[in-house]
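Read the structure below first, then the notes.
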Amino acid sequence: MNVRETVANVAAAGQPEASAPHVAALVARARAAQRPFEFAGQEILDTAAAAAAWAIMEPGRNRELAELSVRDTGLGNAEDKFSKNYRKTLGLLRDLHGKKTCGVIARNEARGIVEIARAVGVVAAITPSTNPGATPANKIINALKCGNAVIVAPSPKGYGACETLIGFIHAQFAKAGLDPALVQMLPAPVDKAATAALMREADLVVATGSQANVRMAYASGTPAFGVGAGNVASVVTRTANLGDAAQKIAASKTFDFATSCSSENSVVIDEAVYDAMLRELCACGGVLLDARQKAQLQAAMWTDGKLAPRCTAKSAAQIARAAGLDDAAAAAARDSAFLMVEESGFGATYPFSGEKLAPVLTVYRARDFGDAADIVRSLYAYMGAGHSVGLHTDDRDQAVALGSTLPVARVIVNQAHCFATGGNFDNGLPFSLSMGCGTWGRNNFSDNLGFRQYLNITRVAYPIAERVPELDTLLGDYFRRFGQ
């Protein structure tokens, strides 16, 4: 998880609070811009959101951001980041299109209730190095759509990409006559003290990154939305279309070299189709390692229990070479390749059972569907509770069974997980790069983070005709069964 940590926990503990006055000045500038913006009307809010979206979607700017992101962070690949920047923003625009986010948004005459959308104020957006373009853009667009100002705390590695993105946004704002103070970022060098000060001064914190950052956000004293740890597993049952499942798992596992928290880290296969599914995965670019190769890979990927940067968000060939696996590297000499290791245990002494942020897939054998669910439960007891589970099956009821019993906020059925979890054009989930994991993941929400988290709702209550129910209507069944 360390490579996804943002600036909030990169700097050493005990940094002085010297940057706090400077952060307070940034927030004051944002507040001054946000107050008139909030009441400027829906057209202005929509214009600001559109300006921020086009700033990252325009192909030339998008290409520059994608290449800069990979050059500065060393994580992922530019082609996939280019695709992510465009599709995630396009999908967000689809979700926001026509949504009313200011003024009266609902009336219920029967209940005498009128709902009014109100901005939250100044948003502190904490963003990771894995998505230094797409994630800030997503948060900025949501915040502006709801009449807020936003200040981004980028990761140190992603600072240049975020700075470039905000420069593009300001250029679009200039054309639309919008105040650039609505979108700002912490100045370099960003440190823990500045990020903590921003969290305290803002009206809302939206934190994406490591669990240390999320805990810091929740402890800041400011209302916060943070997301849980990723460690997604997908189950392949005996009724699955194995070729289709393998293609989708491979596409998800290799996209942007597995920088997404929604990329599969493990696949749990029913033993009735275990060997056949392994053959399908190998046909889709999987390179299955033997026990010796697995041990070499483990030694290369983890140092003192922490993921090694040289193997994080790199191609399968690069990772294999770093582990001294020349034969595996030759077999994986393409971007669509991924390494596979077989495993049976869980927890810190079995590091392949956790999140890897690399195109490395851990394979588990299950006796049947019930055993597969138990394996996933054991994986999530170690890491990833609350996030999501994938399921490849021909039995729709099995998806409901997993959703009713596993500690997950989403069950993704017969889809490429990393594309589907954060919303896709062929499912109904909202587009987002931040997935709430509920109380299982120590989060206060279980939705995909979207525009509604950036709003307050004021309710006006008018008097209505009194309706007092009879006691027997509410407790009669209880009284008849158990007496009074």
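Any read-out appearing in this document is the output of simple, stated calculations on the displayed coordinates, not a laboratory observation. From a predicted model like this one, the values you see are computed outputs, not experimental measurements. Every residue, glycine among them, receives a Cβ derived from its backbone with ideal geometry; neighbour counts consider all protein chains shown.
Structure data summary
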| read-out | value |
| --- | --- |
| Qualifying aspartates and glutamates (Cα of each under 15 Å from Cα of residue 192; at least 8 residues distant if same chain) | 5, 17, 201 |
| Residue-span extension gain [residue 113 to residue 452] - 0.36 nm each, minus C-alpha spacing | 120.2 nm |
| Normalised contact order of segment 233-426, rounded percent, pairs of Cα under 8 Å and 6 or more residues apart | 30 percent |
| Options (i) 72, 54, 43; (ii) 83, 58, 42; (iii) 70, 69, 42 - which one matches Cα extents along the principal axes in Å as calculated here | (iii) |
| Longest site-free stretch - the chain; sites: trypsin sites (Lys or Arg not before Pro), DSSP loop, at most 13 other Cβ within 10 Å | 112-333 |
| Computed lengthening from residue 90 to residue 306, 0.36 nm per intervening residue step minus Cα-Cα distance | 74.2 nm |
| Distance (nanometres) between label positions extended 7 Å along Cα→Cβ at residue 444 and residue 465 | 4.0 nm |
| Candidate aspartates and glutamates for bridging to residue 99, where Cα separation is under 13 Å - those fewer than 8 sequence places away on the same chain excluded | 43, 46 |
| Cβ-based exposure ranking for 199, 57, in which fewest neighbours within 10 Å come first | 57, 199 |
| Pairwise centroid distance, computed over Cα atoms, of segment 187-243 with segment 40-59, Å | 25 Å |
| Fewest-first sequence of 72, 394 by Cβ atoms within 10 Å of each Cβ | 394, 72 |
| Computed over segment 340-484: relative contact order in percent, which uses C-alpha pairs under 8 Å that are six or more apart | 14 percent |
| Calculated FRET value between residue 282 and residue 174, using beta carbons and R₀ = 51 Å, to 0.05 | 0.45 |
| Whole-Å distance, taken between Cα centres, linking segment 341-394 and segment 400-452 | 17 Å |
| Cα shape, segment 116-188, gyration tensor, a/c 1.5 rule | oblate |
| Estimated FRET transfer efficiency (residue 79, residue 333; beta-carbon r; R0 25 Å; 0.05) | 0.90 |
| The chain, relative contact order [Cα under 8 Å, separation at least 6], % | 18 percent |
| Other-chain or far-sequence residues with amide H under 5 Å of residue 240's (modelled H) | 394 |
